[in-house]
Amino acid sequence: MADTIRVAMAGLGIAGRIVLPWFNRTPGVELAAVADTRPPALEPFRARGLRTFDSVDAMCRSADVDVIWIATPNERHMEHVIMAADNGKHVVCEKPMALNLPQAQAMIEAVERNNVKYVQRSKVFDPPVRKMREVVASGQLGRVIQINSWNYRGWLVNNTFLSTELDTERGGGLTYRQGPHQLDIVRSIGGGLVNSVRATTGRWSQDFDTEGNYAVFLEFEDGTPALVSNNAYGYFDTGELTWGIGEGGPQVPVELLYEGKYRQMRPLDPKEKYALPRYAGPADQGTQAGLGEGRHHQPFYGLTIVSCERGDVRQSENGLYIYTDDGRSEIPCEPVAGPRNEVAELFAAVTENRPSVVDAHWGMATLEVILAIRQSSAERRDVTLEHQVPFVGLWT
């Protein structure tokens, strides 16, 4: 493998647009090609001389690409990951990994059969999440006794969705589309091995027939409990508790969190959605990835508090707060917005010929928790898990 890896983006929706600016800002990584079924989305790249494709299949067969970043609709992740692997391409896959466990298993088999690397897009790469795991793993506060994670924001109503993107059976809705973020955070801090799930999901929106909230109780293999809540209806915002800092890292005055927000009242058709400014402009200028003007901080995905035998840990405005018998101290974290660390992890996994920290088995384990949340809510009982894997370590 050369010192530079050539990455191709499959899908130019919002997930792909968030990532694009980071390729050419990460040493050893370059954007080599893009694929989308919409000619207007491809035109800005074609005008700059970048290779463009109207099908993922054609891009996977290109000899000028080393890695395919899968940001296509969730229901097509399995198809496109297998397609990339069978063409000898390394893979990064957006969350969720797949729609069910047989799909995930087929993806694992394709990756292993073709001896390619797989990196699951994940919040475990966020600096504060990594730092929390470091503190826990060091043992300085004793063992973990409880994890709490809350995320309240208007994900369901302040975004723009097609009806297919809200269809749970096609990988839509809050549980599939946002659950992996929150569960990866909690699983990585807790060591990865969730034993059982008890959950309730809700469909309380008057405008969208999809999950808009969940409350989850996880028990890890060692007995550690975790309480995970997510509410996407857009009333209270946990940014009020996190200095106005949200998922991407930019800071908004707390008093402005509830002012002037777009509120979608119905699913859009494709023509309506892709005519909106956030999709109609150039797809790699960085506005969604936290590369624009203004001060940026470490990202917050809601608020996570880790309780240990001898202290508690939570995010601060610029790092972590550690609470012990000696009072409160602070550990700084780098103010990185966007998926820079995923891109760096991809480069390291490929060039060092090592597994990713969050490989296909990790992606399948998180998917298993997502499916257990749905099953537990439907059947109103605990669900025991079988495909969990440990969080194997950290990286530099």
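Bear in mind that the values in this text are calculations on the coordinates, not laboratory data. Keep in mind that what you see is a predicted model, and the values were worked out from it rather than measured. Reconstructed Cβ throughout: ideal geometry from the backbone, glycine too, with neighbour counts over all protein chains shown.
Structure summary
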| read-out | value |
| --- | --- |
| Overall dimensions of the range 160-229 as given by Cα atoms, namely Rg and Dmax in Å | 13.6, 41 |
| Calculated FRET value between Glu386 and Asp269, using beta carbons and R₀ = 56 Å, to 0.05 | 0.90 |
| Area projected by the alpha carbon convex hull of the chain, averaged over all directions, nm² | 18.4 nm² |
| Cα gyration tensor category, rounded, prolate or oblate, for the range 27-185 with a/c compared to 1.5 | prolate |
| Rounded FRET efficiency, nearest 0.05, which uses the C-beta distance separating Val254 from Asp64 and R0 of 41 Å | 0.30 |
| 5 angstrom amide H check on Leu268, placed H, neighbours 5+ away | Phe161, Leu162, Ser163 |
| Calculated Rg and Dmax of the range 188-242 using C-alpha coordinates, Å | 14.0, 41 |
| The chain, relative contact order in percent, only Cα pairs under 8 angstrom and at least six apart counted | 21 percent |
| The range 1-108 - convex hull of alpha carbons, volume per residue in Å³ | 97 Å³ |
| Built amide H within the under 5 Å cut-off of Ile5, gap 5+ | Val29, Glu30 |
| Contact order normalised by residue count of the range 27-179, Cα under 8 Å, 6+ apart, percent | 16 percent |
| ³J(HN,Hα) computed for each position of the range 227-240 - Karplus, 6.51 cos²θ - 1.76 cosθ + 1.60, integer Hz, glycine/proline x | 10, 10, 10, 9, 9, 10, 7, x, 9, 5, 10, 5, x, 4 |
| Extension gain from Glu109 to Glu334, taking 0.36 nm per residue of separation minus the Cα-Cα distance | 77.3 nm |
| Percentage relative contact order, the range 63-107, counting C-alpha pairs under 8 Å, at least six apart | 44 percent |
| Out-of-range pairs (alpha-carbon distance over 27 Å; input Lys89/Lys273; Lys131/Lys261; Lys95/Lys117) | Lys89/Lys273; Lys131/Lys261 |
| Under the Karplus curve 6.51 cos²θ - 1.76 cosθ + 1.60, θ = phi - 60°, whole-Hz ³J(HN,Hα) for the range 307-317, x wherever Gly or Pro sits | 9, 10, 4, 10, x, 10, 9, 8, 6, 9, 4 |
| Share of Cα-Cα pairs in the range 98-142 lying beyond 17 Å, as whole percent | 57 percent |
| Normalised per residue, the volume of the convex hull around the Cα set of the range 61-128 (Å³) | 93 Å³ |
